[in-house]
Amino acid sequence: MNVMTTERKFKGKYFIIGLLFTWAAIIAFQNPADDIAALVMFASVLAIVKGSLGFFDRNKDTDIKNKPAHMLISIIDLLIGIFFLFHLALGMIVSPFIFAIWFICDSVGHLINQDVAKKISESYYRFSLVINILGVIIGVMLFFNPLVSALTLAFLIGFYLLLTGINYLIAAF
């Protein structure tokens, strides 16, 4: 029997992002009606951290298949985070659309780099595939039905953030 062993390194960047996404999900689930402003602020900080880590660490991460697309997604994360941080009221109004675009772009970016997930394990590959397809579906739901999205925004965001956080935590190891 031929057994291939690959040594995996702990990825602190993914671990930090996974913890932040999971923490944001917990905030979203605690009190959805009252926490939209807090969620928008936290999501803006999360997007800035994620975008910064992705942008400044892009040359060190050898697993990234399409570096220009990765850099574009990191820039989009930074811009969304800065927008939300400095325009909280407007961010709350347009948040279903902004989150929809963010979820779709982020999930499509991860789908493009699915071969990285396959290197980790077959079960992680399947999990990541499902999570990112759900991310696209949630993004489309937010984008095309903003009234319902406004009512369920915290739950949908919390669900996406939790799944994405778990995905990053698994990828860290």
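The values are calculated or read from the model by the stated rules, or taken from the named source; none is laboratory data. Predicted, not measured: the structure shown is a model, and the values here were computed from it. Ideal geometry is used to build each Cβ from the backbone, glycine not excepted, and the neighbour counts take in all protein chains shown.
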Which of the residues that make up the stretch 84-94 are within 15 Å of Leu46 (Cβ to Cβ) and either among the small types (Gly, Ala, Ser) or at pLDDT below 85 (or both)? Phe84, Leu88, Gly91
Filtered residues of the stretch 110-128 (kept if touching a residue at least 24 places away in the same chain (Cβ under 8 Å), loosely packed, with under 15 Cβ neighbours inside 10 Å and more than 22 Å from Ser74 (Cα to Cα)): Lys119
So Ile131, is it surrounded by 14 or more Cβ atoms within 10 Å (Cβ to Cβ), closer than 22 Å to Ile27 by Cα and of a type in the set (A, V, I, L, M, F, W, C): yes
Matching residues in the stretch 95-109 - criterion: being surrounded by 17 or more Cβ atoms within 10 Å (Cβ to Cβ) and either in contact (Cβ under 8 Å) with a residue 40 or more places away in the chain or within 13 Å of Val40 (Cα to Cα) (or both): Ser95, Pro96, Ile98, Phe99, Ala100, Trp102, Phe103, Asp106, Gly109
Looking only at the stretch 95-114, and only at residues there that are aliphatic (A, V, I, L, M) and either within 11 Å of the chain's Cα centre (by Cα) or modelled with pLDDT under 80 (or both), the one that is nearest to Gly54 (Cα to Cα): Val108
